[in-house]
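The values are calculated or read from the model by the stated rules, or taken from the named source; none is laboratory data. This is a predicted model, so every value here is computed, not measured. With ideal geometry, Cβ positions are generated from the backbone for all residues, glycine too; neighbour counts draw on all protein chains shown.
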Amino acid sequence: MRAYLIRHGQTAWNVIGRAQGHTDTPLDDVGLAQAAAVARAFEGVEIGEILTSDLSRARVTAEAIAARTGAVCRATPSLRERSFGEWEGMPYEELRNLLRDRAHQAGLDEFEAAPPGGESLRDVWGRLDAVCERLASSTSPLVVVTHGGTCGLLVARLIHATVMTSRSLRFGNTAITELHRRPDGFWVIDRFADTTHLDTPSAPMIDSHVASR
């Protein structure tokens, strides 16, 4: 069985490096063009179902793929980005420094620290249980459309890595990561963070400074 994990298209907050979390920021014009481009990449590809975050930046990306493939699209809050609580909208660099200080003051590992009213990496890792179970039981190819941080955690879970491994995994907007499940249940990465569908002359330009989440 194959799974295709996809990060959503670009938003205005991606461009300026602000933490979106559960804030429902829409795709910008570039993001809409990227969604159309990734949808074209799946034309003719067998897909049993599309699972997506219910936040609009992911859902609209997923719906573009559904329109091209005819696959059923199912939205779930389990695939949302990490909530940054009271710190949503902050520049990522500032937020990272605050989280590091918060972890140090509380005597926690970084993946256990959460912003006020938000989630830790460990929290998001746990809420991916149902998605991992769905991937483990599916007999037909699945597309999962989610967010940068959540995508990293999901890949780490599937390959039996650690929460902190996800910090080393980065995905451009509409990047495709393709895996297949072996008969013994282990997942193998066949393609990682592929954005070649954006390389055609008519494809949208990718801002190299866009934040990873």
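For residues that are surrounded by 17 or more Cβ atoms within 10 Å (Cβ to Cβ) and within 15 Å of the chain's Cα centre (by Cα), scanning just segment 123-134, find the one that is nearest to Arg74 (Cα to Cα). So, considering only residues that are surrounded by 17 or more Cβ atoms within 10 Å (Cβ to Cβ) and within 15 Å of the chain's Cα centre (by Cα), the one nearest to Arg74 (Cα to Cα) is Val131. Among the residues of segment 31-63, just one is part of a helix (DSSP H, G or I), in contact with a Lys or Arg (Cβ under 7 Å, 6 or more places away or on another chain) and free of Cβ contacts under 8 Å to residues at least 40 places away in the same chain, namely Ala39. Screening Arg2, Arg82, Arg7, Arg102 for residues that are on the phi < 0 side of the Ramachandran plot, in contact with a Phe, Trp or Tyr (Cβ under 6 Å, 6 or more places away or on another chain) and among the basic types (Lys, Arg) leaves exactly one candidate, Arg7. Please determine whether any residue of segment 91-106 is crowded, with 19+ Cβ neighbours inside 10 Å and either touching a Cys at 6+ places or on another chain (Cβ under 6 Å) or not in a helix (DSSP H, G or I) (or both). No - not one qualifying residue is present in segment 91-106.
Return the residue satisfying two criteria in turn: it lies in segment 137-154 and is of a type in the set (Ser, Thr, Tyr) and under 8 Å from the mean Cα position of the chain (by Cα), and of such residues it is surrounded by the fewest Cβ atoms within 10 Å (Cβ to Cβ).
If we take residues in segment 137-154 being of a type in the set (Ser, Thr, Tyr) and under 8 Å from the mean Cα position of the chain (by Cα), then Thr150 is surrounded by the fewest Cβ atoms within 10 Å (Cβ to Cβ).
One residue alone among Glu81, Glu86 is surrounded by fewer than 14 Cβ atoms within 10 Å (Cβ to Cβ) and in contact (Cβ under 8 Å) with a residue 24 or more places away in the chain, and that residue is Glu86.
Residue count for segment 39-64 under the criterion of being within 30 Å of Arg122 (Cβ to Cβ) and either crowded, with 24+ Cβ neighbours inside 10 Å or aliphatic (A, V, I, L, M) (or both): the result is 10.
Checked against the criterion of being closer than 24 Å to Ala64 by Cα, in contact (Cβ under 8 Å) with a residue 12 or more places away in the chain, out of contact with any helix residue (DSSP H, G or I) (no Cβ under 8 Å at 6 or more places or on another chain) and of a type in the set (Lys, Arg), segment 165-178 has no qualifying residue.
In segment 128-176, what residues are basic (Lys, Arg) and over 22 Å from Thr11 (Cβ atoms)? Reasoning before the result, please.
At the first step, the residues of segment 128-176 found to be basic (Lys, Arg) are 134, 157, 167, 170.
Correct list: Arg134, Arg157.
For segment 46-82, a residue qualifies if it is among the polar types (S, T, N, Q) and touching a strand residue (DSSP E or B) at 6+ places or on another chain (Cβ under 6 Å), and the qualifying residues are Thr52, Ser53, Thr61. Looking across segment 17-33, just one residue is under 17 Å from the mean Cα position of the chain (by Cα) and more than 28 Å from Gly85 (Cβ to Cβ), and that is Leu32. Residues in segment 16-30 include at least one that is part of a helix (DSSP H, G or I), buried (at least 17 other Cβ atoms within 10 Å of the Cβ), touching a residue at least 24 places away in the same chain (Cβ under 8 Å) and among the aliphatic types (A, V, I, L, M).
Which residues, counting only those in segment 174-213, are in a loop (DSSP other than H, G, I, E, B), at pLDDT 75 or above and either of a type in the set (Lys, Arg) or closer than 15 Å to Tyr4 by Cβ (or both)?
The initial filter retains those residues of segment 174-213 that are in a loop (DSSP other than H, G, I, E, B), namely 174-175, 182-186, 195, 199-213.
Narrowing the set further to residues that are at pLDDT 75 or above leaves 174-175, 182-186, 195, 199.
Answer for segment 174-213, where residues must be in a loop (DSSP other than H, G, I, E, B), at pLDDT 75 or above and either of a type in the set (Lys, Arg) or closer than 15 Å to Tyr4 by Cβ (or both): Thr174, Ala175, Arg182, Thr195.
When the criteria are applied in full, Ala71 meets the requirement of being closer than 29 Å to Asp199 by Cβ, in contact with an Asp or Glu (Cβ under 7 Å, 6 or more places away or on another chain) and among the small types (Gly, Ala, Ser).
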